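The values are calculated or read from the model by the stated rules, or taken from the named source; none is laboratory data. Here the structure is a predicted model, which is why all the values come from computation and not from measurement. Cβ atoms come from the backbone with ideal geometry, glycine included; neighbour counts cover every protein chain shown. Remember, those area values only see protein heavy atoms, side chains included, never the ligands or the DNA or RNA. Shrake-Rupley method; radii C 1.70, N 1.55, O 1.52, S 1.80 Å.
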Amino acid sequence: MGKIQFPEGFIWGCATSSYQIEGGVHEDGRGETIWDRYCSIPGNVANGENGDVASDHFHRYREDVALMKRMGMKAYRFSIAWSRILPAGYGEVNEKGIQFYSNLIDELLAAGIEPYVTLYHWDLPQALQDRGGWTNPQMAEYFLEFGRICIDRFGDRVKKWITLNEPYCAAFLGYYEGRQAPGYHDFSAAVSAAYHMYVGHGLVVKYFRESGKGGEIGIALNLMGRLPFSEKPEDVEAAKRADGYLNRWFIEPIMLGKYPQDMIDFYTSQGVVLPKFQKEELELMSQPLDFIGLNYYNDFHVKYSEKVWPLQFVIENLPHSVVNDRNWPVTEMGFKRMMKRMKEEYGVGNIVVTENGTSFHDVVSGNYEVKDYARLDYLERHIRVLHETIEEGVNVSAYFVWSFYDNFEWSFGYNSRFGIVYVDFKTQERIVKESGHWYSQVIERNGLEV
Ligand code: FCB
């Protein structure tokens with residue numbers, strides 16, 4: 001048996017987000033969010049489900065933290081619901097909301113678990129959506145207000161901050177594909193939303209530096225390979241475009257202070273209305289960060305299609321791909337390629353893997369066990385490749401499994417389970433899955449036995 005040993009001090013953790021786990025949506029003065037509203041519209045979410053109860057974390061956070069501790073977690077990534085802190089999106093602070101997160105943070109620290117806090121994981125206060133949501137340039141200032149309160153109130157204890165989670169999804173799935181809140185279908189609006197998110201990100205980073213609170217700040221991007229389905233030139237071009245759409249449009253403003261020119265030209269040629277890129281705003285966006293969060297699930301193959309405006313491509317799996325219950329292929333070598341690219345092409349000096357995991361229809365056996373070997377295999381492949389990547393000189397400081405436990409998986413509702421802990425949504429009972437037991441061993445050994 002060989003041993004795969006991670007560098008000393010490597011941080012192992014798990015991740016969640018507020019709307020996906022908390023429930024308690026009407027409690028302690030929380031304001032409505034765009035996800036509450038989106039879920040209330042029939043047809044948006046599988047089986048008409050919503051996050052009203054979710055994993056009931058709002059009431060069970062103590063028990064949840066105790067379980068994380070038993071599992072050996074060194075760190076926990078969660079997000080703060082903007083509408084618990086500022087029910088109207090801005091203005092009056094809701095002290096009960098502050099108290100909830102303050103208690104959670106204290107509980108984590110007492111358990112020896114370091115909090116990694118995401119400010120925006122998609123649950124915008126509905127009151128701000130009523131003012132145009134992220135298409136409104138003023139939203140950047142509102143985000144600063146929210147970020148400032150969180151940094152001021154929690155920054156004595158929280159030393160790891162993530163401004164935005166997957167701005168690509170928040171903008172393009174929310175405002176263009178309509179598969180997420182607020183459920184619009186307007187490509188230009190999505191581009192504008194993404195731009196204002198980045199201005200907001202920049203303002204918060206600047207405030208954080210000036211606050212003198214100390215600690216680290218970064219952003220979590222879903223960067224994943226887009227490969228041509230065939231060698232046909234139109235598929236090769238389509239893959240480059242897909243990469244520009246998903247990856248380069250998001251990493252380049254952050255690392256290089258500019259948007260990719262080929263995509264600007266392409267969007268313009270298609271009649272997409274682009275924001276007026278301002279020099280000072282591009283400078284704000286590209287302030288140095290302490291780490292880049294990588295959310296990695298899988299690469300996809302891309303095929304040219306003239307039917308899709310404006311992107312002109314579709315995603316198609318290669319025949320015989322091994323896939324999960326969402327039809328996502330398992331592509332761990334793509335994970336390595338992306339981390340290397342982040343370092344080599346964009347000069348990222350510190351990567352935090354802020355999400356990695358997979359969804360399967362888990363089954364609880366008669367003796368209350370969940371033998372999720374396919375998930376375990378997925379995680380093992382990715383952790384092995386992560387180790388290789390570190391050995392090859394890429395600096396990665398932490399790894400977070402998505403997710404700690406099963407939760408409300410957006411438009412897929414409760415049917416798509418990503419947890420390494422099973423949640424019975426009828427009783428709220430938690431059962432550590434086989435992958436969860438295995439992960440605890442990885443943490444304990446700071447590596448793997450192979
Ligand atoms: C990511 C999201 C996260 C979760 C996983 C499966 O895109 O950041 O909230 O839904 O996918």
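Total residues in the range 250-272 satisfying the condition of being aliphatic (A, V, I, L, M) and over 27 Å from the mean Cα position of the chain (by Cα): the figure is 0.
Summed over the range 417-429, the residues that are surrounded by 20 or more Cβ atoms within 10 Å (Cβ to Cβ) and touching a residue at least 60 places away in the same chain (Cβ under 8 Å) give a count of 5.
Within the range 288-319, if we keep just the residues that are of a type in the set (Ser, Thr, Tyr) and more than 25 Å from the chain's Cα centre (by Cα), the residue that is surrounded by the most Cβ atoms within 10 Å (Cβ to Cβ) turns out to be 304.
Looking across the range 273-287, the residues that are in a loop (DSSP other than H, G, I, E, B) and surrounded by fewer than 18 Cβ atoms within 10 Å (Cβ to Cβ) come down to 273, 274, 276, 277, 278, 287. In the condition set (1) more than 15 Å from the ligand (Cβ to nearest atom); (2) open to solvent by 20 Å² or more (accessible area, probe 1.4 Å), residue 433 is compliant with all but (2). Do we find a residue being out of contact with any helix residue (DSSP H, G or I) (no Cβ under 7 Å at 6 or more places or on another chain) and not in a strand (DSSP E or B) anywhere in the range 119-130? The answer is yes; a qualifying residue exists. The condition (being farther than 19 Å from residue 28 by Cα and not acidic (Asp, Glu)) is satisfied by just one residue among 66, 88, 127: 66. Listed by first and then second residue, the pairs with beta-carbon distance under 6 Å, at least 6 apart or on different chains, first residue in the range 15-31 and of a type in the set (Val, Ile, Thr), second near the ligand (Cβ under 10 Å from one of its atoms), are 16/403; 21/407. The requirement of being outside any helix (DSSP H, G or I) and over 23 Å from residue 140 (Cα atoms) is fulfilled somewhere in the range 76-83, by at least one residue.
Could we say that residue 328 is modelled with pLDDT of 95 or more and away from the ligand (no atom under 16 Å from the Cβ) here?
Working: modelled with pLDDT of 95 or more: yes; away from the ligand (no atom under 16 Å from the Cβ): no.
Answer is no for this residue.
Here the condition is being under 26 Å from residue 220 (Cα atoms), open to solvent by less than 40 Å² (accessible area, probe 1.4 Å) and within 17 Å of the chain's Cα centre (by Cα); of 412, 408, it holds for 408 alone. Of all residues in the range 33-55, which are open to solvent by 30 Å² or more (accessible area, probe 1.4 Å), under 16 Å from residue 415 (Cα atoms) and assigned to a helix (DSSP H, G or I)? Scanning the range 33-55 gives 46, 47, 48.
Could you look through the range 351-378, keep only residues that are among the aromatic types (Phe, Trp, Tyr) and not in a helix (DSSP H, G or I), and pick out the one that is farthest from residue 16 (Cα to Cα)? Working first, answer last.
Taking the range 351-378 as the starting set, the residues that turn out to be among the aromatic types (Phe, Trp, Tyr) are 360, 368, 373, 378.
Retained after the next criterion (residues that are not in a helix (DSSP H, G or I)): 360, 368.
Values: 360: 17, 368: 24 Å.
Among those that are among the aromatic types (Phe, Trp, Tyr) and not in a helix (DSSP H, G or I), it is 368.
All conditions but one from (1) surrounded by fewer than 20 Cβ atoms within 10 Å (Cβ to Cβ); (2) in a strand (DSSP E or B); (3) not hydroxyl-bearing (Ser, Thr, Tyr) apply to residue 381; the one that does not is (2). Against the condition in contact with a helix residue (DSSP H, G or I) (Cβ under 7 Å, 6 or more places away or on another chain) and surrounded by 18 or more Cβ atoms within 10 Å (Cβ to Cβ), how does residue 324 come out, does it pass? Taking the combined requirement at face value, the residue does not satisfy it.
Hey, any hits in the range 283-300 for a residue that's more than 16 Å from the ligand (Cβ to nearest atom) and of a type in the set (Phe, Trp, Tyr)? Scanning the range 283-300, I find at least one residue that is more than 16 Å from the ligand (Cβ to nearest atom) and of a type in the set (Phe, Trp, Tyr), so the answer is yes.
Taken over the range 261-272, the criterion of being open to solvent by 60 Å² or more (accessible area, probe 1.4 Å) and not acidic (Asp, Glu) is satisfied by 261, 268, 269.
Condition check ((1) within 16 Å of the ligand (Cβ to nearest atom); (2) more than 22 Å from residue 39 (Cβ to Cβ)) across all residues:
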| site | (1), (2) |
| --- | --- |
| 121 | yes, no |
| 127 | no, no |
| 131 | no, no |
| 135 | no, no |
| 147 | no, yes |
| 167 | yes, no |
| 186 | no, no |
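For the range 222-260, a residue qualifies if it is among the acidic types (Asp, Glu) and either crowded, with 17+ Cβ neighbours inside 10 Å or in a helix (DSSP H, G or I) (or both), and the qualifying residues are 234, 235, 237, 243, 252. Screening the candidates 267, 297 for the property of being closer than 16 Å to residue 243 by Cα and in a loop (DSSP other than H, G, I, E, B) yields one hit, 297.
Just one of the listed residues (19, 90, 61) is open to solvent by 50 Å² or more (accessible area, probe 1.4 Å), at pLDDT 95 or above, touching an Asp or Glu at 6+ places or on another chain (Cβ under 7 Å) and not in a strand (DSSP E or B), and it is 90. Within the range 381-402, residues that are in contact (Cβ under 8 Å) with a residue 12 or more places away in the chain have Cβ atoms under 6 Å from residues that are of a type in the set (Phe, Trp, Tyr) and within 16 Å of the ligand (Cβ to nearest atom) in these pairs: 382/335; 385/335; 402/418, counting only partners at least 6 apart in sequence or on another chain. When the range 1-16 is filtered for residues that are more than 16 Å from the ligand (Cβ to nearest atom) and in a loop (DSSP other than H, G, I, E, B), the ones remaining, listed by number, are 1, 2, 6, 7, 8, 9, 10. The residue of the range 93-135 that is nearest to the chain's Cα centre (by Cα), among those that are open to solvent by 10 Å² or more (accessible area, probe 1.4 Å) and of a type in the set (Asp, Glu), is 114.
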